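Read through the structure below, which is laid out as structure tokens, and then see the notes.
The values are calculated or read from the model by the stated rules, or taken from the named source; none is laboratory data. Worth saying up front: this structure is predicted, and the values here are computed from it rather than measured. Neighbour counts are summed over all protein chains in view; Cβ atoms, including those assigned to glycine, are modelled from backbone coordinates with ideal geometry. Remember, those area values only see protein heavy atoms, side chains included, never the ligands or the DNA or RNA. Shrake-Rupley method; radii C 1.70, N 1.55, O 1.52, S 1.80 Å.
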Amino acid sequence: MTPIRVRIAPSPTGFFHIGNAKTALINWLYARKTGGTFILRLEDTDTERSEAQYADIICEGLRWLGIDWDEGPAFGGEAERGALGPYRQSERREIHCREAQRLVDDAKAYRCFCTKEELDAERERAQAEKRPPRYSGKCRNLTAEQIAAMGDRPYSVRFRVPEGATVIEDLVQGSVRVENKEIDDFIIVKPNGDPVFHLAVVVDDGLMEITHVMRGDDHLTNAFRHVLLFNALGYKLPTFAHLPMVLDETGKKYSKRLHGANVLDWREDGYLPETIVNYLVLLGWTPEEEGRELFTRTELVEAFSLERLGKSAGKFDLKKLQWLNGQHIRMLSPEELRDKVLPILHKAGFDTSVKSQEWLTRMAAICQEKIPTLNEIVPYTDFFFVAPTAYDEKAVAKQWGKPYAAEHLASIIAAFEPISSWDHDTLKAAFEKLVADTGLALGQFVHPTRLALTGKSVGPGLFELTELLGKDESLNRLRAAAAFVRARGDAA
RNA sequence: GACCCCAUCGUCUAGCGGUUAGGACACCGCCCUUUCACGGCGGCGGCACGGGUUCGAUUCCCGUUGGGGUCGCCA
């Protein structure tokens, strides 16, 4: 069996699209699963749109997702590697032109002297008359004399589409067929000598000995041209697999302008890369093991198979992504979670340096079961760093609205003051004693305390949080709350 | 418009001629519980439509409808 060689060929346009990430992931998984080679090739031939720094963004996206490559260009601070380079399409111009010339020599392609203006006019006319916009075939059969007579007029090179029909045996879409007369003689080299995508991609895939071309199914109809080119150039035809695209929540093509189109948006929003990897692969692939949805990157490599790829496009579902992220957050160790969450707290303006690593780990641990995204750490822990300046109004009405509220707070304070061993179990015991002494429900003491300590009605477990907050600070906040309640009562 | 692809709960999907059409997210109850969350239990909810083929179609074929894609000297 010949070793698997797969690739992704992103165009550096400014960001790493979620759909590209999915394609990259499927290719990467297949390479890793089979012990094959995963190649990264930059399609930067559109000199007008490509910018050098854009490539780094793709690199950052791949790195974030944990997708590494075996062959690829020098970029993102890494050296070029692989024997079949260069891996930057812009550096392969000579090769593309050489191969195009070969086609011309074999009469499989020809020079076309039509100008862009002529062709545009022709296309507009066709559209106005509601005819399919087709190339007229004007230069298809020029004689050597006619070509010579053109002198040094600029020309493009067109591929001469043969008669017959073209069939793609697609791994996911099945057998797909089209009549060649539906395909125009298409341009493969521009008048300035630049190769067009269709030529470049086929030459590169052919020469880089790509065995499986797996990409978005927006390329399915392009693939007809590509197999024509593969055959004309005499390359071995790779296996094609056109993967369904990622649609936005309304079912449309995921627009670049939409938040989330850029994979790095999800990092920004507090999602784990393993969540995105897990989610993306589930959008178009199902494991053999029925019902299983939760996978680490390593488990995916193990479970992945081409056979279970689906063929219909999937809409992006934020709710499911959030759920999945919660699952992955819970798989982290408390230390890992702490390290991921600290930068977010810093960004929110909190100084965590006053706390020990051990303390911060415990803080992360008491939130681990609760937060759906990393960013949610902020509302769950902000009160540790800044005492509440206001209390949640609805909670105030509910917990402190009763005439005996001040009295309850006072008894809580009284229960806390003598505690010498300030820990979860002791605090819990103190509350239980209050319950026993008064005959009230635990919540009657817990909720007012939470409000006093955090200013909110939701958050980590109260005993855990109180322990971490410390005795002095907890009592201060309780006293401040008692004063607040008294003032409120006097006013009313 | 032409060509190509797709079509099971709201969403992601399992299913590969005979199933009470299964799971997950979401949603709604209940339980657990100091809140929230987690977890557990239960519920709601689907084979787009019309023809065939067949003893029997979610499943195979054709059409319709709907969605997507491609039709560049962009990639």
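Hey, what's the Kirkwood Rh for chain A if you take every pair of different alpha carbons, in angstrom? Provide the component values of the computation, followed by the final result.
Details: mean 1/r = 0.0366 Å⁻¹.
Its Kirkwood hydrodynamic radius stands at 27.4 Å.
Give the cross-link partners of residue A:33 among the lysines, using a straight C-alpha distance below 20 Å as the criterion and excluding same-chain residues fewer than 8 apart.
A:22
Given an 8 Å cut-off on Cα distances and at least 6 residues of separation, report the relative contact order of chain A as a percent.
In percent, rounded to a whole number, it is 12.
Calculate the radius of gyration of the Cα atoms of segment A:229-296 to one decimal place, then report Dmax, the largest Cα-Cα distance, as a whole number, both in Å.
Rg then Dmax for segment A:229-296, in Å: 16.8, 49.
Putting +1 on Lys and Arg Cβ atoms and -1 on Asp and Glu Cβ atoms, find which of A:232, A:61, A:175 reaches farthest to the positive end of the dipole of chain A.
The residue sitting farthest along the positive end of the dipole is A:175.
Principal axes first, then extents: for the Cα atoms of segment A:334-454, list largest minus smallest coordinate on each axis, whole Å, largest first.
Reported extents, whole Å, longest axis first: 44, 32, 24.
Can you find, among A:405, A:443, A:470, the residue sitting farthest towards the positive end of the charge dipole of segment A:393-491, where Lys and Arg contribute +1 and Asp and Glu -1 at Cβ?
A:405
Based solely on C-alpha atoms, express the radius of gyration and the Dmax of segment A:91-243 in angstrom.
16.2, 49
Separation between the residue A:296 and residue A:356 pseudo-spin-labels, each 7 Å from Cα along Cα→Cβ, expressed in nm?
About 2.9 nm, to one decimal.
What's the center-to-center distance, using Cα atoms, between segment A:145-188 and segment A:251-289 in Å?
Cα centres, segment A:145-188 to segment A:251-289: 36 Å.
Considering only DSSP beta bridges whose two residues both sit in chain A, what percent are antiparallel, to the nearest 5?
DSSP beta bridges in chain A are roughly 55 percent antiparallel.
Accessible surface of residue A:367 in the full protein assembly, 1.4 angstrom probe, to the nearest 10 Å²?
0
Which whole-number percent gives the relative contact order of segment A:334-377, counting Cα pairs below 8 Å spaced six or more residues apart?
Working: 32 pairs, mean separation 24.3, N = 44.
That works out to 55 percent.
What angle do you read, to the nearest 10 degrees and between 0 and 90, between the alpha-carbon axis of helix A:273-282 and the longest principal axis of chain A?
For helix A:273-282, the angle is close to 60 degrees.
Measure off 7 Å from each Cα along the Cα-to-Cβ vector at residue A:410 and residue A:165, then give the distance between these two points in nanometres to one decimal.
Roughly 9.3 nm, to one decimal.
Quick one: helix A:405-416 against the long Cα principal axis of chain A, what's the angle to the nearest 10°, folded into 0 to 90?
90
Working from Cα positions, state the angle (0 to 90°, nearest 10) between the long axis of helix A:222-233 and the longest principal axis of chain A.
Helix A:222-233 and the main axis of chain A meet at about 50 degrees.
Which one, A:375, A:364, A:348, is farthest towards the positive end of the dipole of segment A:334-377 when Lys and Arg carry +1 and Asp and Glu -1 on their Cβ?
Positive-end residue among those listed: A:348.
Which whole-number percent gives the relative contact order of segment A:215-347, counting Cα pairs below 8 Å spaced six or more residues apart?
The normalised contact order for segment A:215-347 reaches 26 percent.
So what is the 222 nm mean residue ellipticity for chain A from helices alone, if each DSSP H run of at least 4 adds -39500 (n - 2.57) and you divide by all residues, rounding to the nearest 500 deg cm²/dmol?
-14500 deg cm²/dmol
Please report, largest first and rounded to whole Å, the three semi-axes of the ellipsoid equivalent to segment A:334-377, where each semi-axis is the square root of five times an eigenvalue of the C-alpha gyration tensor.
Sorted largest first and rounded, they come to 15, 13, 8 Å.
Restricting to lysine pairs 8 or more places apart or on different chains, what number in segment A:91-243 have Cα atoms under 19 Å apart?
Lysine pair count for segment A:91-243: 9.
Working from the alpha-carbon coordinates of segment A:393-491, get Rg over Rh, Rh being the Kirkwood radius.
Rg/Rh for segment A:393-491 comes to 0.93.
Can you give the % of DSSP beta bridges in segment A:91-243 that are antiparallel, to the nearest 5?
Roughly 70 percent of the beta bridges in segment A:91-243 run antiparallel, per DSSP.
Would you please give the residues with an amide H less than 5 Å from that of residue A:213, counting only those at least 5 places away or on a separate chain, with H modeled from the backbone geometry?
A:239, A:240, A:241
Give the residue list of GluC sites (Glu not before Pro) in segment A:252-308 that are DSSP loop and have at most 15 other beta-carbon atoms within 10 angstrom.
Sparse-neighbourhood loop GluC sites (Glu not before Pro): A:288, A:289, A:290, A:293.
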